Amino acid sequence: MPGLEDLYREIILDHYKNPRNRGQLEVPPAVRADGHNPLCGDEITVFVELDGDRVVRVAIDGQGCSISQSSASMMSQAMTGRTTDEARALLHRFKHMMSIADHDHSDEPAEDIPLGDLEALQGVVKFPVRIKCAVLAWNTLAQALDSAAS
Amino acid sequence: MAAIDVDALIQDFPLLSAAPEDGRRLVYLDSANTSQKPNAVIDAMGRFMRESYGPINRSAYRLAAAATDAYEGARNRVARFINAASADEIVFTRNATDALNLFAQSWSRAHLRRGDVVVLSHMEHHANIVPWQMMHDEIGIELRWIPLTDDGQLDLANLDDLLDGASVLAVTAMSNVLGTINPVAELCTRARAAGAVTMVDACQSVPHGPTDVQAWGADLCAFSSHKMLGPTGLGVLWGRAEILEALPPMIGGGNMIDDVRLDGYSCAPVPTRFEAGTGQLVEAVGLNAAIDYLDTLGMDRVRDHERELTRYAIDTLTAAFGDDITIHGPSDPELRGGVLSFAFRDLHPHDVSQILDEYRVCVRAGHHCAKPLMRILEANATVRASLYIYNGPDDIDVLVEALSSAGDIFGF
């Protein structure tokens, strides 16, 4: 059985206890999307503000477990400054790490984008019931990007 | 009356008496979700399939007749267990949710009109909420809600107002989140005085103490086999004969008919008219064995055991963690069953459950299919430890040990 140290890495606990980019952004100019996990009741709201094609600010609101919250926090940092294409590529790369086929890109291998702190979430894969927690913020961000594009 | 000897009893449960893994035995604290199964049930079902399996209600040969007897014998056994007036008042359903839906949907369509009132409570399981909301959407019935007191009991202060003009009262006998045991007899008496039909969601009560549906004065109740040592796939709807006679069946097909012509059909008598298709014969045999097992233990002893274990759990958790733990529901074990939903420090229930799993402690983390109640508790989720006959103080001690380590991991 994989140990808890694979799941609760120090950096994950740090993001959980000190979440980055917590709060709300004004809509508009930002777009927002709400996500929830019906199994556990976790709720998350992702705000994304674009300047042209570039993500300039991300904010995270809502509540959830250490995995969903730390994943959201790291995501908010990792997304800031990327173009929307780069953001989607990172999203695909992350879901690939989580062993989840992305419907839109199921046949494409993930680009080898450096994940930085996000690598710490790799251990979640060993705890399959928690994968949904880790990807909740990412799926919600995808909705926000979609609504910004439409 | 001797207390239940848990160490001896768990020898009847293969999963609970299995060899430890990594030095840890299984600590199963999720029986409000579903219960473990004793050999008596597992063996009865296997033996029946190996030795005497056949079709029910269809064929004339002896094997078929014996199978039908087994199925009807289980119905009779259930009736005696809850003191129903007759085995004909027992309907086998797929599960308790199926039973609750059968009543809510079929009764509403046959007897309720726009504006008719159904009274529920804030502590209902989704299975006793959503079917009524569907009927609200379809027919326009009005839903009223019995609120809760601060310590998680039904607030009956305005019950008569809520029941004024009501057609149905549908309420749980025991909360699957708070553990609160509701005053079912009083509720049914007052509902009947107001002219309302009463449905009792007995999923959490029937497995854990003596049940007398006639003493309740209820019209119907629903419960499930799998929470009371029996197999999944089988639920029970009990209804007084005259209520079942007035309840149209929802599912048509074989077995439930008296006659079928090209221009129409007529239904079989109750309860068969509610059991279209081949029934859950093997599961009924399993439930029969589960009830035999529980009755041998004695339901009064089951209730006494769980009340005292609940007392021990509340005292031990409170002594160990003080203000770091918030246990929802009444603090008096006389008022509650062995369901302990709690918040632990600032830890998310998912994380608590994950860490407890390292100690092989099985608890539920989530909203427990009672989201309206969770909103009242201002929690997205709770940890829920639920007790049964095979749990003892040792299990609570392991829970405390595991919770302590959860606090350590998160550095709180």
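The values are calculated or read from the model by the stated rules, or taken from the named source; none is laboratory data. Quantities reported herein were computed from a predicted structural model and do not represent experimental measurements. With ideal geometry, Cβ positions are generated from the backbone for all residues, glycine too; neighbour counts draw on all protein chains shown. What goes into the accessible areas is simple: the full protein's heavy atoms, side chains included, and nothing from ligands, DNA or RNA. Shrake-Rupley method; radii C 1.70, N 1.55, O 1.52, S 1.80 Å.
The listed residues are B:HIS208, B:HIS305, and the only one of them that is open to solvent by 10 Å² or more (accessible area, probe 1.4 Å) and either at pLDDT below 95 or closer than 25 Å to B:ALA127 by Cα (or both) turns out to be B:HIS208. Scanning the stretch B:233-266 for residues that are open to solvent by 50 Å² or more (accessible area, probe 1.4 Å) and either acidic (Asp, Glu) or farther than 30 Å from B:ALA185 by Cβ (or both) returns B:GLU242, B:GLU245, B:ILE251, B:GLY252, B:ILE257, B:ASP258, B:ASP259, B:VAL260, B:ARG261, B:LEU262, B:ASP263, B:TYR265. Filtering B:ALA104, B:ALA110, B:ALA96, B:ALA67 for residues that are surrounded by fewer than 22 Cβ atoms within 10 Å (Cβ to Cβ) and not assigned by TED's automatic domain parsing to the domain that holds B:LEU387 leaves a single hit, B:ALA110.
Among the residues of this structure, B:ALA64 counts as one that is among the aliphatic types (A, V, I, L, M) and at pLDDT below 95.
Out of B:ARG375, B:ARG360, B:ARG364, one residue alone is open to solvent by 40 Å² or more (accessible area, probe 1.4 Å), within 11 Å of chain A (Cβ to nearest Cβ) and modelled with pLDDT under 90. It is B:ARG375.
The residue of the stretch B:382-412 that is nearest to B:PHE13 (Cα to Cα), among those that are among the aromatic types (Phe, Trp, Tyr) and within 14 Å of chain A (Cβ to nearest Cβ), is B:PHE410. Of all residues assigned to the stretch B:37-47, none qualifies as being part of a loop (DSSP other than H, G, I, E, B), in the same structural domain as B:PRO393 (by TED's automatic domain parsing) and modelled with pLDDT of 95 or more.
Applying the condition of being free of Cβ contacts under 8 Å to residues at least 40 places away in the same chain, surrounded by 15 or more Cβ atoms within 10 Å (Cβ to Cβ) and charged (D, E, K, R) to the stretch A:26-84 and asking which residue is farthest from the other protein chains (Cβ to nearest Cβ) yields A:ARG82. Quick check on B:PRO330: is it assigned to a loop (DSSP other than H, G, I, E, B) and touching a strand residue (DSSP E or B) at 6+ places or on another chain (Cβ under 9 Å)? Spelling it out, B:PRO330 is indeed assigned to a loop (DSSP other than H, G, I, E, B) and touching a strand residue (DSSP E or B) at 6+ places or on another chain (Cβ under 9 Å). Can you tell me which residues in the stretch B:157-181 are touching a residue at least 12 places away in the same chain (Cβ under 8 Å), assigned to a loop (DSSP other than H, G, I, E, B) and surrounded by fewer than 23 Cβ atoms within 10 Å (Cβ to Cβ)? Hits for the stretch B:157-181 are B:ASP164, B:GLY165.
Within the stretch B:48-58, track down each residue that is within 17 Å of B:ILE257 (Cβ to Cβ) and surrounded by 13 or more Cβ atoms within 10 Å (Cβ to Cβ).
Those that are within 17 Å of B:ILE257 (Cβ to Cβ) and surrounded by 13 or more Cβ atoms within 10 Å (Cβ to Cβ): B:PRO55, B:ILE56, B:ASN57.
More than 29 Å from B:THR34 (Cα to Cα) and touching a Cys at 6+ places or on another chain (Cβ under 8 Å) - does that describe any residue in the stretch B:257-268? Looking for residues that are more than 29 Å from B:THR34 (Cα to Cα) and touching a Cys at 6+ places or on another chain (Cβ under 8 Å), one finds at least one in the stretch B:257-268, hence yes.
Is one or more of the residues making up the stretch B:86-101 farther than 30 Å from B:PHE342 by Cα, among the aromatic types (Phe, Trp, Tyr), part of a helix (DSSP H, G or I) and modelled with pLDDT of 95 or more? Within the stretch B:86-101, not a single residue is farther than 30 Å from B:PHE342 by Cα, among the aromatic types (Phe, Trp, Tyr), part of a helix (DSSP H, G or I) and modelled with pLDDT of 95 or more.
Within the stretch A:1-25, restricting attention to residues that are within 14 Å of chain B (Cβ to nearest Cβ) and open to solvent by 80 Å² or more (accessible area, probe 1.4 Å), which residue is modelled with the lowest pLDDT? Once the filter is applied, the top-ranked residue is A:MET1. Screening B:PHE342, B:PHE321, B:PHE274 for residues that are surrounded by 16 or more Cβ atoms within 10 Å (Cβ to Cβ), touching a residue at least 60 places away in the same chain (Cβ under 8 Å) and closer than 30 Å to A:SER66 by Cα leaves exactly one candidate, B:PHE321. The C-beta contact set for the stretch B:20-48 (first residue closer than 24 Å to B:GLU306 by Cα and within 14 Å of chain A (Cβ to nearest Cβ), second residue open to solvent by less than 10 Å² (accessible area, probe 1.4 Å) and part of a helix (DSSP H, G or I), distance under 6 angstrom, 6+ apart or interchain) is empty. In summary, strands (runs of 3 or more DSSP E) completely within the stretch B:212-327 and bearing 1 or more residues that are under 22 Å from B:ASP98 (Cα atoms) occur at B:220-224, B:235-239, B:257-261, B:264-267. Of everything listed in (1) closer than 23 Å to B:ASP346 by Cβ; (2) of a type outside the set (S, T, N, Q); (3) within 14 Å of another protein chain (Cβ to nearest Cβ); (4) under 12 Å from the mean Cα position of the chain (by Cα), the single unmet condition for A:LEU121 is (3). For the stretch B:123-155: of the residues being among the aliphatic types (A, V, I, L, M), open to solvent by less than 50 Å² (accessible area, probe 1.4 Å) and within 23 Å of the chain's Cα centre (by Cα), which is nearest to B:ASP201 (Cα to Cα)? Only one residue fits best here, namely B:ALA127. Of note, B:MET135 does not satisfy the criterion of being at pLDDT 95 or above, part of a loop (DSSP other than H, G, I, E, B) and either aliphatic (A, V, I, L, M) or in contact with a helix residue (DSSP H, G or I) (Cβ under 9 Å, 6 or more places away or on another chain) (or both). Taken as a whole, the structure places B:MET199 among residues that are in contact with a Cys (Cβ under 8 Å, 6 or more places away or on another chain) and either open to solvent by 10 Å² or more (accessible area, probe 1.4 Å) or in the same structural domain as B:PRO249 (by TED's automatic domain parsing) (or both).
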